[in-house]
Amino acid sequence: MGTCNSNANKVAGGTKVTIQPLPPDGLPATVKLPPSKESSPVATPQLLTRHLSQRSMNKLLAKDAKRFAGETCFTPDEVTALHDTYFKISSIQDDDGLINLEEFRRAVGHGSYFIDRMFTIIDKDKNGTIDFNEYLQAMSAFSERASVLQKTRFCFDVYNASGSGYISKSEVREMLQASLKDRGLSLDPSELDSLVDKTFESMGITEQSRGIDFQTFSEMVKRYPTVISNMTITVPVRQRATK
Ligand SMILES: [Ca+2]
Ligand SMILES: [Ca+2]
């Protein structure tokens with residue numbers, strides 16, 4: 001937990017996740033997570049038992065929630081709440097305890113380049129489905145206690161589709177295009193190119209370099225904190241019926 005911040009503000013609220021695109025375009029890409037059960041403060045374990053046996057549910061609550069909390073920026077209660085959401089998403093299409101791409105698309109909103117990129121990153125072992133551990137590890141970057149470094153890393157990975165370690169112009173271009181499309185907007189290819197060129201120019205990236213490396217990206221995040229400032233969710237923790 002060394003990389004997590006401890007001074008989290010516990011604010012009851014939505015679960016809107018936003019990753020701002022690279023400046024200077026100012027056209028954020030937004031991912032909206034499915035509404036959680038924050039409006040029903042009373043524990044409703046029957047929702048979970050639809051998918052889990054009482055035994056496996058208790059196992060998570062008693063032992064695994066604590067362990068997962070130790071490995072992420074979440075508290076055991078937050079892990080439990082996320083577990084709830086996870087199992088709801090994982091049963092949207094195929095109730096197999098795993099989230100496939102279609103379930104992820106439906107849960108997050110609609111299919112787009114950005115959402116598919118998120119899925120690819122969260123699916124760490126690249127087996128085509130997101131398991132609970134992968135889900136939790138990824139969500140940890142969106143925790144209010146996650147460090148700037150964690151958020152920056154996740155954001156960098158979203159852009160760096162090729163995994164080369166450098167964000168190329170075509171990757172920024174693709175992300176911008178998707179971001180605009182999500183808003184029902186579009187730019188001429190030449191306008192898009194010019195916007196990407198300006199972004200790279202403003203960051204001092206030359207034509208000769210392979211693209212934006214993580215250090216340059218981190219420096220940009222320091223200059224433009226809005227790139228990650230909205231990359232935070234508040235996990236609505238329900239009051240437990242029993243302790
Ligand atoms: Ca599933
Ligand atoms: Ca996986």
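Each value in this text was obtained by applying a stated rule to the coordinates, not by laboratory testing. Just so we're clear, the structure is a prediction, and the values are computed from it rather than from any experiment. Backbone-built Cβ (ideal geometry, glycine too); neighbour counts: all protein chains shown.
Tabulated results
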{"item": "Out-of-range pairs (alpha-carbon distance over 32 Å; input Lys126/Lys169; Lys88/Lys222; Lys88/Lys198; Lys66/Lys181; Lys66/Lys169)", "result": "Lys88/Lys222; Lys88/Lys198; Lys66/Lys181; Lys66/Lys169"}
{"item": "Segment 155-164 - phi-based ³J(HN,Hα) in whole Hz, Karplus 6.51/-1.76/1.60, Gly and Pro as x", "result": "4, 4, 5, 4, 6, 7, 4, 6, x, 6"}
{"item": "Burial ranking of peptide ranges 76-82, 155-161, 182-188 (average Cβ count within 10 Å, highest at the top)", "result": "76-82, 155-161, 182-188"}
{"item": "Segment 93-101 - phi-based ³J(HN,Hα) in whole Hz, Karplus 6.51/-1.76/1.60, Gly and Pro as x", "result": "10, 10, 6, 10, x, 10, 9, 8, 4"}
{"item": "Most to least packed among 136-142, 99-105 [average Cβ atoms within 10 Å]", "result": "136-142, 99-105"}
